[in-house]
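Single-structure report; data block below.
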């Protein structure tokens, strides 16, 4: 299976809207800023690649227990089948059984929530509303939630959702989704004849676990709590952590050392890689508050600020690497705005 078969379409730009909906910043590039996938097709493609690479795929089974001894790691399935291994990779989502059994999951896990749906439409409709560039839409802090709304066009689908990344969120997110859906229609972002239908719900990790390794165990992706706090996107960090874990496991097996002490190096590697971006995005999300409206207003007037901001939101730029440029451009845009007003 070729890598290109995973991708449904590419987005070459997008819009970011302020919470008040008064302002919007636009970004458009000649090169793609995001790749869109259909999860069923994407997940099946990964399974197929794994099988072609020699993996044994066991479907319809649940892990009930994990037993770690000095010599091996034992996985016990719900039909009492036992699988012996030198190391276990927990890639089983936010409610990870591996993390729980390894004692890595906190007793009270902080989680975000989302409501979304993917709508099947024809290519002509996608072209009409989102252009050949497949422009995305991100609504920051919609209806004062600590989160965002999104519209992601694909080849013949539109993914629409609302997410709150606050673990203390108490409002009815489904009602907010209904309001969001209606405003998208009113503003001409989506077709007026599109019917909302039955929505799906989901939970999101809010931040990485305090510890992502144990004796003969590593956690990756949602199981480890890896997510982009600005956009809610988790595939990039899941793939990156999987790649880092795979390379590290090969070295550990060659050395014959899958001890907790040796596996602790895995955490140092991901923290030094994408961990810096997650930390900065978490800090930005907590501190941005009421300044979002001002920020988007300035970005709507300053193309460079819009480019950096939206590229970070979409994940095509690292906030760790571009933090200084972002701050400097924000100061410049603020001063330019101040003097233009006076």
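Computed quantities for the displayed model
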| item | result |
| --- | --- |
| Strands (runs of 3 or more DSSP E) within the range 1-79 that include 2 or more residues without any contact (Cβ under 8 Å) to a residue 40 or more places away in the chain and surrounded by fewer than 17 Cβ atoms within 10 Å (Cβ to Cβ) | 63-68, 73-77 |
| Test: residue in the range 270-289 that is exposed (fewer than 15 other Cβ atoms within 10 Å of the Cβ), in contact with a helix residue (DSSP H, G or I) (Cβ under 9 Å, 6 or more places away or on another chain), closer than 30 Å to residue 84 by Cα and without any contact (Cβ under 8 Å) to a residue 12 or more places away in the chain | yes |
| Cβ-Cβ under 9 Å pairs, at least 6 apart or on other chains, the range 127-151 side in contact (Cβ under 8 Å) with a residue 12 or more places away in the chain and on the phi > 0 side of the Ramachandran plot, far side part of a strand (DSSP E or B) and surrounded by fewer than 17 Cβ atoms within 10 Å (Cβ to Cβ) | 134/10 |
| Single match in 175, 159, 132 (criterion: at pLDDT 95 or above and either over 23 Å from residue 216 (Cα atoms) or not in a loop (DSSP other than H, G, I, E, B) (or both)) | 159 |
| Conditions (1) at pLDDT below 90; (2) touching a helix residue (DSSP H, G or I) at 6+ places or on another chain (Cβ under 8 Å); number of the one not met by residue 96 | (1) |
| Selected residue (only one of 91, 102 is surrounded by 13 or more Cβ atoms within 10 Å (Cβ to Cβ), at pLDDT 90 or above and either in contact with a helix residue (DSSP H, G or I) (Cβ under 7 Å, 6 or more places away or on another chain) or farther than 20 Å from residue 222 by Cβ (or both)) | 91 |
| Complete set of residues in the range 90-125 that are more than 23 Å from the chain's Cα centre (by Cα) and closer than 30 Å to residue 190 by Cα | 121, 122, 123, 124, 125 |
| Count of residues meeting criterion [without any contact (Cβ under 8 Å) to a residue 40 or more places away in the chain, part of a helix (DSSP H, G or I) and under 23 Å from residue 103 (Cα atoms)] in the range 218-266 | 7 |
| Subset of the range 83-100 [closer than 18 Å to residue 240 by Cα and in contact with a strand residue (DSSP E or B) (Cβ under 6 Å, 6 or more places away or on another chain)] | 88, 89, 90, 94 |
| Residue within the range 198-213 that is touching a helix residue (DSSP H, G or I) at 6+ places or on another chain (Cβ under 8 Å), modelled with pLDDT of 95 or more and in a helix (DSSP H, G or I) present | no |
| Residues of the range 226-265 that turn out to be over 10 Å from the mean Cα position of the chain (by Cα) and under 26 Å from residue 146 (Cβ atoms), as a count | 2 |
| Set 140, 111: member being closer than 30 Å to residue 213 by Cβ and touching a strand residue (DSSP E or B) at 6+ places or on another chain (Cβ under 6 Å) | 111 |
| Qualifying residue in the range 292-315 (condition: touching a helix residue (DSSP H, G or I) at 6+ places or on another chain (Cβ under 7 Å), modelled with pLDDT of 85 or more, assigned to a helix (DSSP H, G or I) and more than 27 Å from residue 19 (Cβ to Cβ)) | no |
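Per-residue answers, yes or no, for (1) exposed (fewer than 15 other Cβ atoms within 10 Å of the Cβ); (2) touching a strand residue (DSSP E or B) at 6+ places or on another chain (Cβ under 7 Å); (3) within 28 Å of residue 13 (Cβ to Cβ):
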position: 144; (1), (2), (3): yes, no, yes
position: 159; (1), (2), (3): no, yes, yes
position: 180; (1), (2), (3): no, yes, yes
position: 196; (1), (2), (3): yes, no, yes
position: 224; (1), (2), (3): no, no, no
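The values are calculated or read from the model by the stated rules, or taken from the named source; none is laboratory data. Everything quoted here is computed from the prediction, not taken from an experiment. Note that each Cβ is placed from the backbone with ideal geometry, even for glycine, and that neighbours are counted across all protein chains shown.
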